[in-house]
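What follows draws every value from the coordinates through simple rules; no lab data is involved. In this text, all values refer to a predicted model and were calculated from it rather than measured experimentally. Methodologically, a virtual Cβ is constructed for each residue, glycine included, from the backbone with ideal geometry; neighbour enumeration extends over all protein chains shown.
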Amino acid sequence: MHRPAPNSPWLAGWRAARANLVPGSMVQLAMLALMLAYFHHEPTREMLGRLAATKARWGFTYSALAGVVAGALLPELLRVIAFQRGRPRRRNLARLAFTVPFWAGMALVVDQFYRWQALWFGDEATPAAVIPQVLVDQFLYNPLFAAPVTVWLYDFHNRGGRFHPDSLTARYYRDRIVPTLFATWAVWIPVVTVLYTLPEPLQIPLFALALTLWVLIYTWMSEEKPSGSG
């Protein structure tokens with residue numbers, strides 16, 4: 001029986017998925033608890049309804065700010081507190097100069113994508129609406145856009161403003177993006193299932209809650225030197 005090489009992207013993806021099991025399970029359980037509370041606990045439903053109303057009033061501005069706070073500011077603050085003993089460094093500002101516009105832009109893309117999904121498949125908590133949204137999200141949008149763009153731009157940042165010379169090759173996709181997809185699917189398939197079960201105005205606010213933990217995970221992944229890379 002043929003076994004994959006020790007440094008194959010499939011094994012790298014599997015290891016990443018396993019490494020994310022505990023933190024990924026925590027965010028999944030939190031999202032599941034919020035979904036159940038929304039449908040069965042009136043005070044939670046009212047609180048989340050107010051959050052959705054704020055999102056509806058602010059529109060894309062809310063999404064951009066949520067992306068910045070969840071994807072850039074809060075993870076960097078947690079990094080300073082947890083890993084730098086509360087001492088900010090110049091590198092934190094350099095990282096924010098990249099992550100603030102990146103996550104603001106990605107949050108705007110996600111907001112528009114969620115709106116399109118609601119138009120294409122409906123905004124009801126039914127299998128006929130939720131399942132196709134999850135499949136399109138995770139197996140079209142993610143491998144064709146979200147994962148490549150995230151890997152390319154984080155790699156660009158980590159290389160000091162230089163793209164990897166092979167970044168547009170099939171080998172780069174296999175070696176760098178495929179492992180990211182495995183890690184993403186392990187965390188986000190359950191999360192987006194919950195998101196698409198909820199009304200569209202609530203999806204971005206709760207996406208932002210899940211995003212904070214994922215960015216911490218992905219930042220760790222992206223800064224790990226791949227085996228055998230130059």
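Can you tell me the relative contact order of the stretch 108-199? Whole percent, Cα pairs under 8 Å, sequence separation 6 or more.
43
Can you put Met47, Met26 in order of Cβ neighbours within 10 angstrom, beginning with the fewest?
By the 10 Å Cβ count, ascending: Met26, Met47.
At R0 = 41 Å, how high is the FRET efficiency between Arg115 and Arg87 if r is their beta carbon distance? Nearest 0.05 is fine.
Taking R0 as 41 Å, the efficiency between Arg115 and Arg87 is 0.50.
Return, for the Cα atoms of the stretch 42-109, the radius of gyration and Dmax in Å, separated by a comma.
Rg and Dmax of the stretch 42-109, Cα atoms, are 15.0, 46 Å.
Sort 155-168, 51-64, 80-93, 183-196 by packing, meaning the average of other beta carbons within 10 Å per residue, with the highest value first.
Highest mean packing first, the order is 183-196, 51-64, 155-168, 80-93.
Compute the semi-axes of the equivalent ellipsoid of the stretch 103-194, taking the square root of 5 times each eigenvalue of the Cα gyration tensor, and list them largest first in whole Å.
Values for the stretch 103-194, descending: 28, 14, 10 Å.
Expressed as a rounded percentage, what relative contact order does the stretch 15-173 have, with Cα pairs under 8 Å and six or more residues apart?
After rounding, I find 15 percent.
Taking 10 °C and 1.306 mPa s as the conditions, I'd like the Stokes-Einstein D for the stretch 43-191 in µm²/s, using the Kirkwood hydrodynamic radius from alpha carbon pairs.
Estimated diffusion coefficient is 90 µm²/s.
Taking Cα centroids, how far is the stretch 154-211 from the stretch 76-117 in Å?
14
When the convex hull of the C-alpha atoms of the stretch 91-135 is computed, what volume per residue in Å³ does it have?
Per-residue hull volume (Cα only) is 79 Å³.
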